[in-house]
Structure formats: structure tokens, C-alpha cells
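The values are calculated or read from the model by the stated rules, or taken from the named source; none is laboratory data. Since we're looking at a predicted model, the values are computed, not measured. FYI the Cβ positions are ideal-geometry reconstructions off the backbone, even for glycines, and counts take in every protein chain you see.
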Amino acid sequence: MGKYAVRLNGVEQKRPHFRLGPIDLDIPKGYVTAIVGPNGSGKSSTFRLLLDLAKPDAGEIEQLGERLGVRDDAPLKRRIGGTGERAARVGDTASEPEYHRVGGREQQR
């Protein structure tokens, strides 16, 4: 296993009215990283690629030292957690517990 949590090497995604990349990004293990930018800059597309919900047209993506998309990624995905901007459940209030999806399971925080 490498020293990076996430590596993108020459990652590109081409759509009729949008082109993402090429992206070269190394995020070391142990770092908390935010990807910020204006609407339409490719943040959600990048996360879809990182979660293997979309495939890149070029380049390679590695997570925790394993290349995405070359074999069954289920064991790798169980080790990854994340949250989007709409992490709360419908009807939640500030006084109710906060939930996050971690390793394929929902856990109370």
C-alpha cells in the first residue's frame, strides 16, 4: 500500500458540453482535503469518478494504493467514508442525531 490515500494521474472525462481535466492530484494519507470551486467546475464529476460511479475517459485513479476499476472494488469501498452537502435525512433537525455513511453502513455520530 502506498503513501497516498488518493491519486489521480492524467484523469479526464469528456462530455458534449464539458471537459474535466486532465487532473493530477496526490492526497497523502492522514489529510483532510476539500475540493472547492464555482458551480460547473467539476467537483461533483470528480467525486463521481473517485467513487467509481463514472469512468474516466483517460488516466488512472488509485485509492489506498489500489487502482480503481480493474477488479471488484467492493472490499476497497468498504474502507472509504464520505459525506455530501446533503448528508442529513429529510425531517432531521439540529436536535436529532447526525448520520454519516461509512464503509457501506450508516452510523450515528
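Please go through segment 38-57 and give me each residue that is surrounded by fewer than 12 Cβ atoms within 10 Å (Cβ to Cβ) and either farther than 25 Å from ARG79 by Cβ or touching a strand residue (DSSP E or B) at 6+ places or on another chain (Cβ under 9 Å) (or both), ordered by number.
Hits for segment 38-57 are PRO38, ASN39, GLY40, LYS55.
For residues in segment 64-78 being in a loop (DSSP other than H, G, I, E, B) and surrounded by 13 or more Cβ atoms within 10 Å (Cβ to Cβ), which is modelled with the lowest pLDDT? Even if it seems obvious, please write down each step before you answer.
Narrowing segment 64-78 to residues in a loop (DSSP other than H, G, I, E, B): 64-65, 68-73, 78.
This time we only want the ones that are surrounded by 13 or more Cβ atoms within 10 Å (Cβ to Cβ), so: 64-65, 68, 73.
On the way: LEU64: 84, GLY65: 84, LEU68: 83, ASP73: 74.
Across segment 64-78, the extreme among qualifying residues is ASP73.
Which numbered condition in (1) without any contact (Cβ under 8 Å) to a residue 24 or more places away in the chain; (2) surrounded by 15 or more Cβ atoms within 10 Å (Cβ to Cβ); (3) under 25 Å from ASP72 (Cβ atoms) is the only one that VAL11 fails?
Here VAL11 clears every test but (1).
Is at least one residue of segment 84-103 among the β-branched types (Val, Ile, Thr), modelled with pLDDT under 65, surrounded by 12 or more Cβ atoms within 10 Å (Cβ to Cβ) and within 22 Å of LYS3 (Cα to Cα)?
Looking through segment 84-103, at least one residue is among the β-branched types (Val, Ile, Thr), modelled with pLDDT under 65, surrounded by 12 or more Cβ atoms within 10 Å (Cβ to Cβ) and within 22 Å of LYS3 (Cα to Cα).
Give the residues of segment 14-37 that are closer than 25 Å to GLY2 by Cβ, of a type in the set (A, V, I, L, M) and either without any contact (Cβ under 8 Å) to a residue 12 or more places away in the chain or surrounded by 14 or more Cβ atoms within 10 Å (Cβ to Cβ) (or both), sorted by residue number. Can you show your working first?
Just the residues of segment 14-37 that are closer than 25 Å to GLY2 by Cβ, to begin with: 20-35.
From the residues that got through so far, the ones that are of a type in the set (A, V, I, L, M) too are 20, 23, 25, 27, 32, 34-35.
Listed by number, the residues that qualify are LEU20, ILE23, LEU25, ILE27, VAL32, ALA34.
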